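First comes the structure, then the notes that go with it.
The values are calculated or read from the model by the stated rules, or taken from the named source; none is laboratory data. Quick caveat, the model's predicted, so the values are computed rather than measured. Don't worry about glycine lacking a Cβ; one is built from the backbone with ideal geometry, like all the others, and counts go over all protein chains shown. Side chains are part of the model used for accessible areas, which takes the heavy atoms of the whole protein and leaves out ligands, DNA and RNA. Shrake-Rupley method; radii C 1.70, N 1.55, O 1.52, S 1.80 Å.
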Amino acid sequence: MHRLSRFLRYPRRQLPWLLLLLALNSLLALTAACQPWPLKLLVDQGLQGLPVATGFRHFLQVLRLPGTPATLIGLAAVASLVLFVVNAALEAVTTWLWTRASQRMVYHLAGDLFHRFQRLSLMFHVRQQVGDLLSRLTSDTWSVATITEALYLAPARHVLTVVSVGVLAWHLDHGLTLVSLGLAPLLGLAAFAFGAPL
């Protein structure tokens with residue numbers, strides 16, 4: 001437990017950045033969940049001529065746009081482009097912030113490790129290879145970023161994506177959402193069981 005608390009102090013120093021990354025990941029999950037909506041607008045309303053939902057009809061009235069198929073197809077194209085640009089911008093900012101936070105964690109760990117090496121006896125340094133100690137400082141310290149991403153950020157990102165996609169899918173089709181959510185654990189078990197042999 002003491003080793004875990006020693007490890008956790010490095011992500012704790014970057015807690016504001018990690019919380020900001022979590023907020024950006026929730027926005028990324030929302031944009032990922034919204035990506036099928038322009039295609040639905042294109043196929044259902046633009047091409048098949050199905051009636052437009054009441055909320056979207058009010059949106060068209062606010063913009064003073066006619067509800068013609070050509071307008072709906074154009075709106076679907078613009079919405080797809082806007083979602084792509086927003087998603088790309090969020091990905092870029094998230095990558096930049098994660099690079100900044102992870103490098104700071106690595107530098108803090110490398111600094112602490114270097115100070116610990118400095119306090120060790122000369123006999124220890126005589127017995128050790130120089131390359132081994134350097135690789136511990138330059139390569140092994142990246143483990144703090146890898147562990148933080150694997151234990152904290154990636155699970156939060158996946159949960160946010162599943163929840164946001166699940167909520168929007170539930171509004172589209174209850175039965176298909178239940179089938180998808182029921183099959184998801186089976187797919188996870190199959191990946192776990194057959195992943196190693198494959």
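Here are the numbers:
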{"quantity": "Cα pair distances of the range 60-175 binned at 10 Å [whole percent]", "calculated": "10, 22, 22, 16, 12, 9, 6, 2, 0"}
{"quantity": "Contour excess over end-to-end distance, with Cα ends at residue 115 and residue 198 and 0.36 nm allotted per residue", "calculated": "25.4 nm"}
{"quantity": "Size of charge dipole - the chain - debye, nearest 20, with Cβ of Lys, Arg +1 and Asp, Glu -1, no other charges", "calculated": "840 debye"}
{"quantity": "Portion, in percent, of the accessible area of the chain that falls on carbon or sulfur, probe 1.4 Å", "calculated": "71 percent"}
{"quantity": "Added length on full extension, which subtracts the Cα-Cα distance from 0.36 nm per residue, residue 132 to residue 156", "calculated": "5.1 nm"}
{"quantity": "Charge-dipole axis of the chain as Lys and Arg at +1 and Asp and Glu at -1 on Cβ define it, positive-most pick from 177, 163, 108", "calculated": "108"}
{"quantity": "Dimensionless Rg ratio for the chain, taking C-alpha atoms and the 2.2 N^0.38 Å reference", "calculated": "1.51"}
{"quantity": "Over 12 Å [Cα-Cα, the range 107-154], rounded percent", "calculated": "67 percent"}
{"quantity": "Whole-number Å³ per residue for the convex hull built on Cα positions in the range 145-198", "calculated": "87 Å³"}
{"quantity": "Per-residue SASA entry for residue 17, accessible area with 1.4 Å probe, Å² rounded to 10", "calculated": "60 Å²"}
{"quantity": "Dipole in debye (nearest 20) - the range 1-106, about Cα centre, beta carbon charges: Lys, Arg +1; Asp, Glu -1", "calculated": "800 debye"}
{"quantity": "Paired Rg and Dmax values of the range 1-51, which use every Cα atom, in angstrom", "calculated": "21.0, 64"}
{"quantity": "Options 117, 147, 197, ranked by Cα towards positive dipole end of the range 89-198, top entry (Cβ charges)", "calculated": "117"}
{"quantity": "Cα centroid separation - the range 109-142 against the range 163-191, whole Å", "calculated": "49 Å"}
{"quantity": "Solvent-accessible area per residue, Å², over the range 1-102 with all protein chains present [probe radius 1.4 Å]", "calculated": "64 Å²"}
{"quantity": "Gained length - residue 64 relative to residue 89, 0.36 nm times residue gap less alpha-carbon distance", "calculated": "6.1 nm"}
